[in-house]
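The values are calculated or read from the model by the stated rules, or taken from the named source; none is laboratory data. Not measured: the values here are computed from a predicted model. Heads up, the Cβs are rebuilt from the backbone with ideal geometry, glycines too, and the neighbour counts pull from every protein chain shown.
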């Protein structure tokens, strides 16, 4: 990470090249400083090593450890006030700390802003710290402060493309959110006002998230008020009444003296907030002033604060002495409510709202983190070794398998794995569709004393339920076919679903006494057409697979050859020739019987609708039954109960009991005892007449 350049060298502008994202690591510049003694030289070298190590950790995205290295390096450096070179080093490390906070998950923009403030305290014109702070303000929604920082960078570096892009994005967001942008005020370059830096700064305590949030907001607001007294009007606020200019006070905490700005009519609550903003590490404070006798008097109310103001000589600033106190001894503020309700200071209201939002952020107590780091550093216990071992192991593992997975033999294994996973995905969708087909068979329960109106209402609800489930089943079967285009079970299941849905629509129309002459029959006939097409596709795919198996039965399959080569013989599934032939015969028989039932049901519908093609469908159904192995007696029973037969019953045109009996005879259970053709199609071939169809028949 880079550090700020304090002045240009001869022959060109000085640049730094130690950023996290590339470039050689920078060295801590000591040119222009006084000759260092031995200890300072050692400290400088140690700080440089820690900084380089932190840069490497940052590039590996180990932000916590990088943060720790940067903090250690800061402790080894002299104060920023010691020399311009020291200020540049401190500012660069502070900027690195801010970058770590910005990259953490989740990012801590409040602490990042605070680190940028500290970097700018050391080097007020450090452009990288300004840009980082602008990004933080953009993330926090403080677009006005982000725009101000960007303008300060552009005023010093007009050709900075990063600042130009960020500025355009911020202004675009401000316009979208309704901010009133005063271009003249925004583009005005604020004069840098460096606060009176302490000659010897004490080590800072590790601040919690809430304290860092308050410090960041307070420091930025103070910086804006000091550097640009006119304050660019960028907030979406109506015309406000004229305000008295804020007054500057000096806050003295031991040897640390800091400037602060408070409203002209400042209350105790506002004063305490200003103190905590400048000294965020203090939990409870006592604010005192020095009377004419030289005694320090604690300020407990607003009247005493006015007395302190009256003692200030003309042309001098008010000095307030801050001491840390026990929270129990902190004076009670009677004007606390004025902070939230005051209407004469918009910035105070804004700060209070931000503090309320930040107070909801939860974080681990700082002392836990500090103790953990102290334990690791001084006791010698490293909890990060297993991460290093994991990284080394993963590297060795990757190198070891690289040669294996890139060879030609591996591609063959990958191809088989791809096919198996593809079939698994298709099978998952197939079984998912079977679930919806089973849900469509939900039992219709009707009390014995139900009225006809109640029966019709229940039947309609059951019909809508089954129709919805059939539709879901069809969509999942289609997904199965998309996952594996040669998945013949998916096409057969899709044909079965469309067949059942067509039957349901037909049964409901007949059961509800619909006028068949005006009833829209095109939907049912379209379902029958699609079912036949899918049945034909699935059958052709299965025939091709079976034909390919017969051709290669003397050769081991590619999958078995690979498994044998890999020494995984236990996964090889060998089926004898006789068993394979028996299974193929059973599969062909079941497909033909299912196809015949589809054609038979279609011939019934076409006959009822008065279509002349019904007889062709009936003859095709009889042919399929013969191919399926049905006996002549079973076929005769089906023909006898066809609605075209004069001896058939009224209503739907066939006796359901006789049809089921004939179906059970054709569906020889002994075939299943000899071997199921495909466990996937078992729910398909064991089709039963839904109970809803029977209810529709007897309405």
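Only a single criterion out of (1) surrounded by 14 or more Cβ atoms within 10 Å (Cβ to Cβ); (2) part of a loop (DSSP other than H, G, I, E, B) is not satisfied by residue 274, namely (2).
Is it the case, given these coordinates, that residue 442 is over 26 Å from residue 537 (Cβ atoms) and touching a residue at least 24 places away in the same chain (Cβ under 8 Å)? So residue 442 passes the test.
In this entry, residue 458 passes the filter for residues that are at pLDDT 80 or above, part of a helix (DSSP H, G or I) and over 24 Å from residue 534 (Cα atoms). For the residues 526, 500, the requirement of being in a helix (DSSP H, G or I), without any contact (Cβ under 8 Å) to a residue 40 or more places away in the chain and either surrounded by 14 or more Cβ atoms within 10 Å (Cβ to Cβ) or in the same structural domain as residue 606 (by TED's automatic domain parsing) (or both) singles out 526. Set side by side, the residues 597, 566 differ, and just one is under 17 Å from residue 536 (Cα atoms) and either surrounded by fewer than 17 Cβ atoms within 10 Å (Cβ to Cβ) or modelled with pLDDT of 80 or more (or both), which is 597. Total residues in segment 432-450 satisfying the condition of being farther than 18 Å from residue 490 by Cβ and either surrounded by fewer than 14 Cβ atoms within 10 Å (Cβ to Cβ) or not assigned by TED's automatic domain parsing to the domain that holds residue 510 (or both): the figure is 7. Taken together, 412, 453 contain a single residue that is loosely packed, with under 10 Cβ neighbours inside 10 Å and assigned by TED's automatic domain parsing to the domain that holds residue 508, which is 453.
Residues of segment 53-74 that are at pLDDT below 90 and within 17 Å of residue 121 (Cβ to Cβ): 74 alone.
No other residue among 468, 479 is under 34 Å from the mean Cα position of the chain (by Cα), within 21 Å of residue 542 (Cβ to Cβ) and either modelled with pLDDT of 90 or more or not in a helix (DSSP H, G or I) (or both) apart from 479.
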